[in-house]
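The values are calculated or read from the model by the stated rules, or taken from the named source; none is laboratory data. Being a predicted model, the structure only gives us computed values, none of them experimental. Every residue, glycine among them, receives a Cβ derived from its backbone with ideal geometry; neighbour counts consider all protein chains shown.
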Amino acid sequence: MLSRISLSLFGAAAEGPGKRRQIVLMAGLLFFACGLKLFGQIVLKTGVIYTHFFYIPIIMAAIWWKRRGIVVPVFLAIFLVITDIILSVRLEIGSDLLRITMFLIVFLIVSTLKEEVEKTGRNLKDSEENYRILAEKSFAGVYVVQEGTFRYINPHAASYADYNPSELIGSKGKDLIFPGDREAAQRHAAEMLRGERTTPYEFRVMTKEGSVRWIMETVSPAVYEGRPAVIGNSMDVTEMREIREKLEELRELESSILEAIPHAVLGLKNRRVVFANNAVEKVFGWKADEIIGQNMRVLYNSDGDYEDIGRRGYDLLEHQRTCELEAVCRHRDGREIICRFTAAVIGEAL
């Protein structure tokens, strides 16, 4: 009879195959709790202690069905009142009302906590899903490493070494790093995780085919599935490094060429020296590192000479890429020297 009542009461709250087992278990719990109550009242002539067992089905209903499980404490409250009216010699309405109130309070507290836990879980799941979507769509490499092992890696990060994400899940991150860079990369990562480093660091990785690519990386501590982990963000900077190296080579070539020229060569910006080769010392008596940063005024005898050569030179360069001028200049030791200048514009305009 009690099982049939329970199935009727909880049929609306519990649907689907997974819920049927809960209904059967709840019927058993109610039968046990109500049976103990009747045993205490009929056999032992007391019912106070055995009503404590009512909290078991009340708490389970709150956990399983949340607020829809309110039928359980209501059913037990009705059962408590009816059995006390029928079986008790002395009816204690005050005590029954207190117990019923406690039934409802406990149920509401547990059901509310259950709803909050589920809400937090849904929010966390949504956040994880959103992060995963962002990571999958990101142009940067994103990965999660736990105890040195890849737990997640997006397609961009895997492609740096010519792998698919599924091929790297479960593998050791350090195995991808070029052997000569492993120690430095691990040291830089540890410094960043401790907050001792804020700038990205670079290292080489080995691709599936055995070639080498350069990676720029930052890492930060995180929690993944309840355990400490590391989130990495990276970029393939191989082409950037190649361009940078070519620019350095061009600068070195340019510097070598300029140093090989026997004439004094000066680079100016707003008539202030920004470059000078070693031949400047032979002509003007200034070493290259001494004159860099100086205004060209130091090479003339007077402000008038300085303004005159500047005006003539800039007027010509406004209409042509190069010009030649002859002017009286001053050596560092104070003597006058006559110099012939050849000037050229670098860039689109003065």
Inset, instruction - Scan the stretch 74-93 and report the pairs whose first residue is outside the structural domain of residue 30 (by TED's automatic domain parsing) and among the β-branched types (Val, Ile, Thr) and whose second residue is at pLDDT below 90 and part of a helix (DSSP H, G or I), with Cβ atoms within less than 8 Å and a gap of 6+ or a chain change. - result: none
Inset, instruction - State whether one or more residues within the stretch 294-306 are closer than 14 Å to residue 268 by Cα, of a type in the set (S, T, N, Q) and out of contact with any Cys (no Cβ under 8 Å at 6 or more places or on another chain). - result: yes
Legend entry - the stretch 148-174, subset within 21 Å of residue 228 (Cα to Cα) and of a type in the set (D, E, K, R), residue nearest to the chain's Cα centre (by Cα): 151
Legend entry - Residue under evaluation residue 282, criteria (1) assigned to a loop (DSSP other than H, G, I, E, B); (2) among the basic types (Lys, Arg); (3) loosely packed, with under 13 Cβ neighbours inside 10 Å, criterion not met: (1)
Legend entry - Test: residue in the stretch 318-325 that is more than 17 Å from residue 346 (Cα to Cα), in contact with a Phe, Trp or Tyr (Cβ under 8 Å, 6 or more places away or on another chain) and modelled with pLDDT of 90 or more: no
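Test residue 178 against the stated conditions and say whether it is assigned by TED's automatic domain parsing to the domain that holds residue 147 and touching a helix residue (DSSP H, G or I) at 6+ places or on another chain (Cβ under 7 Å). Spell out the reasoning first.
Working: assigned by TED's automatic domain parsing to the domain that holds residue 147: yes; touching a helix residue (DSSP H, G or I) at 6+ places or on another chain (Cβ under 7 Å): no.
Criteria not met by residue 178.
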Legend entry - Close pairs (7 angstrom Cβ cut-off, 6 or more residues apart or separate chains): assigned by TED's automatic domain parsing to the domain that holds residue 223 and over 18 Å from residue 237 (Cβ atoms) in the stretch 187-202, assigned to a helix (DSSP H, G or I) and not acidic (Asp, Glu) anywhere: none
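So, residue 194, is that one farther than 16 Å from residue 141 by Cα, basic (Lys, Arg) and either buried (at least 18 other Cβ atoms within 10 Å of the Cβ) or within 26 Å of the chain's Cα centre (by Cα) (or both) or not?
On the way: farther than 16 Å from residue 141 by Cα: yes; basic (Lys, Arg): yes; either buried (at least 18 other Cβ atoms within 10 Å of the Cβ) or within 26 Å of the chain's Cα centre (by Cα) (or both): yes.
Yes.
Yes or no: residue 330 of a type in the set (D, E, K, R), under 19 Å from residue 274 (Cα atoms) and surrounded by 15 or more Cβ atoms within 10 Å (Cβ to Cβ)? Full working, then the answer.
On the way: of a type in the set (D, E, K, R): yes; under 19 Å from residue 274 (Cα atoms): no; surrounded by 15 or more Cβ atoms within 10 Å (Cβ to Cβ): yes.
Here the answer is no, as residue 330 does not meet what is asked.
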Inset, instruction - Quick one: residue 141 ticks every box in (1) surrounded by fewer than 19 Cβ atoms within 10 Å (Cβ to Cβ); (2) in contact with a His (Cβ under 7 Å, 6 or more places away or on another chain) except a single one, so which number is it? - result: (1)
Inset, instruction - Run down 239, 259, 209 and say which single residue is part of a loop (DSSP other than H, G, I, E, B), among the charged types (D, E, K, R), surrounded by fewer than 17 Cβ atoms within 10 Å (Cβ to Cβ) and at negative phi. - result: 209
Legend entry - Selection count, the stretch 275-292, where residues are touching a Leu at 6+ places or on another chain (Cβ under 7 Å) and either in contact (Cβ under 8 Å) with a residue 60 or more places away in the chain or under 17 Å from residue 327 (Cβ atoms) (or both): 2
